[in-house]
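In what follows, a single structure is set out as structure tokens and then discussed.
The values are calculated or read from the model by the stated rules, or taken from the named source; none is laboratory data. What you see is a predicted model, and the numbers here were worked out from it, not measured in a lab. Methodologically, a virtual Cβ is constructed for each residue, glycine included, from the backbone with ideal geometry; neighbour enumeration extends over all protein chains shown.
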Amino acid sequence: MTQSSQLTALPVGYRLAEYTIVRQLSVGGFSVVYLALDDADRKYAIKEYLPRNLAQRDEEGMVTVPHELDRDAFNLGLKCFFEEGRILAEISHKSVVHVSNFFRANQTVYMVMEYADGRSLGRELELAGGRLEERRIRKWFAALLSGLREVHLHRLLHLDIKPANIYLRRSGYPLLLDFGAARQTLSRRDKHFASMYTPGFAAPEQYEKDQPLGPWTDIYAVGACLYVCMGGRTPQIAQQRLQADKLVPASKLFRHYYSKELLELTDQCLNLAPDARPSTVLAIQKRLLDSSYSQPEPLPEPAVAAKRLVGWIKGLAGGRSS
């Protein structure tokens, strides 16, 4: 069952516990996210568990499961969603979205998160013309990985790291949003959610039910983000790479723009074999913070290159006339 966001979203002004819905921020196959205000007019982002292939909302606003055969899958996702919120509530890190509350209502679960002003890394890339300078990449990802390391220490995985889920506060500090661990659990057990992976950023093991997931899975997605930040297109889908790997390595594609160290790190993160990727997020962070990296030899400016070409041609002509 698939419904439009207009049919599933709570209306503006809806009273949800001590919060008032202001507007819908986003909608996906697994949840709806709202901007809301509490009684003190503080802003929050509230995420509602609403897997639209399994559930729907009735006229009273209750979330119901029309087909009893979908009940177990719905309850499994709800349990994972609630557990994800519980763990995130225990994490206090500047680079990890803070969960301040989670509760049951309307026969589903809601997760109340901080609302940060800023823009996504994807939007930042657009404004930068599709490529970020190495200094910014190293700074932002080192800070982001500090938060991801804390997540992994709490035995939680993100499983949906991509530019759209990396938010840059107005201060420029990165924030990791929209965790997909609960969504991933349901995706692996229910055929309705097989398409919920983010193509190009999902690691190959995410497509295989019998393959274990771990920090190495998030590390693959980090590599894909680094690749895109250098100016590359979204990497080839991991499943396709397993059949015929056509992904041009970063060390080849961007060798004139970034250091050898950063390029090699990106390629290692994007390795199809989990055990060939960097072993931990901390290991990646240390390499990003290393200030001794070598700058690549810059490409000659077009005008300079043209002058060199003209001079070379004149030199040949002069040689022939003598």
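Applying the criterion of being of a type in the set (S, T, N, Q) and under 20 Å from HIS98 (Cβ atoms) to the residues of segment 21-65, the residue that is surrounded by the most Cβ atoms within 10 Å (Cβ to Cβ) is SER31. Taken residue by residue, segment 84-91 has at least one member that is acidic (Asp, Glu) and either farther than 30 Å from LEU226 by Cβ or surrounded by 21 or more Cβ atoms within 10 Å (Cβ to Cβ) (or both). Report, by residue number, each residue of segment 98-139 that is within 30 Å of GLU18 (Cβ to Cβ) and either under 20 Å from the mean Cα position of the chain (by Cα) or of a type in the set (Asp, Glu) (or both). HIS98, VAL99, MET111, VAL112, MET113, GLU114, TYR115, ALA116, ASP117, GLY118, ARG119, SER120 - these are the residues of segment 98-139 that are within 30 Å of GLU18 (Cβ to Cβ) and either under 20 Å from the mean Cα position of the chain (by Cα) or of a type in the set (Asp, Glu) (or both).
With respect to (1) without any contact (Cβ under 8 Å) to a residue 24 or more places away in the chain; (2) part of a loop (DSSP other than H, G, I, E, B), the lone exception for GLY130 is condition (1). Only one of the numbered conditions (1) out of contact with any helix residue (DSSP H, G or I) (no Cβ under 8 Å at 6 or more places or on another chain); (2) modelled with pLDDT of 95 or more is not met by SER95, and that is (1).
Does segment 130-151 contain any residue that is more than 18 Å from VAL222 (Cα to Cα) and outside the structural domain of ALA55 (by TED's automatic domain parsing)? No, segment 130-151 has no match at all. The single condition among (1) of a type outside the set (Lys, Arg); (2) modelled with pLDDT of 95 or more; (3) buried (at least 16 other Cβ atoms within 10 Å of the Cβ) that GLU133 does not satisfy is (3).
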